[in-house]
1. Would you be able to say whether some residue in the range 1-11 is modelled with pLDDT of 95 or more, outside any helix (DSSP H, G or I), over 10 Å from the mean Cα position of the chain (by Cα) and under 20 Å from His107 (Cα atoms)?
2. Go through the range 68-96 and count every residue that is surrounded by fewer than 15 Cβ atoms within 10 Å (Cβ to Cβ) and either assigned to a loop (DSSP other than H, G, I, E, B) or charged (D, E, K, R) (or both).
3. Regarding Glu18, is this residue exposed (fewer than 15 other Cβ atoms within 10 Å of the Cβ) and modelled with pLDDT of 95 or more?
4. Quick check on my filter: what residues within the range 21-52 are at pLDDT below 95, closer than 19 Å to Asp80 by Cβ and of a type in the set (Asp, Glu)?
5. If I ask for residues that are closer than 18 Å to Glu57 by Cα and not aliphatic (A, V, I, L, M), which ones from the range 7-16 would you list?
6. Could we say that Ala130 is under 17 Å from His33 (Cβ atoms) and modelled with pLDDT of 90 or more here?
7. Is there a residue in the range 58-70 that is closer than 18 Å to Asp8 by Cα, at pLDDT below 95 and charged (D, E, K, R)?
Amino acid sequence: MHVLVPIDDSDPADAALEYALTEFPEADVTALHVIDPYETSVSSWFGGEEFPERLEEDTAALLADARERADERGVSIDTDTVVGKPAAEIAAYVEEADIDEVVMGSHGRRGSSRVLLGSVAELVVRRAPAPVTVVR
């Protein structure tokens, strides 16, 4: 079984990773971080020239933290980063990597734009060609 866990630096994403590591300890787990080019370009206007370096450092730290948390539980995970619109990239990754299950947080860094689910989680539930478990 191959489980995908989309991660950002949010509490729901952390909970999703914990859930995946606990519920699927024997699975191949991949933690995926999607860099949204629109969000990145807008942030770079305000972040100055050092923004790309900070983004790279933040992404590396996020993925290193995911690997460390998995190591603490004796679970081996892979990590990956893609650039694009998060929901579309997650759905495409599921198909391309032959993912059997997606475990993701109910809302991301930017909070909720929907009453019950964040917009990315809602779109992934609708588009992903695999079962999606949403963790609060």
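1. Yes, the conditions are met somewhere in the range 1-11.
2. Total satisfying the criteria: 9.
3. No.
4. Asp36, Glu39
5. Correct list: Asp8, Asp9, Ser10.
6. no
7. Yes, the range 58-70 contains a residue that is closer than 18 Å to Asp8 by Cα, at pLDDT below 95 and charged (D, E, K, R).
The values are calculated or read from the model by the stated rules, or taken from the named source; none is laboratory data. Just so it is clear, the structure is predicted and the values come from calculations on it, not from any experiment. Note: ideal-geometry Cβ built from the backbone for every residue, glycine included; neighbour counts use all protein chains shown.
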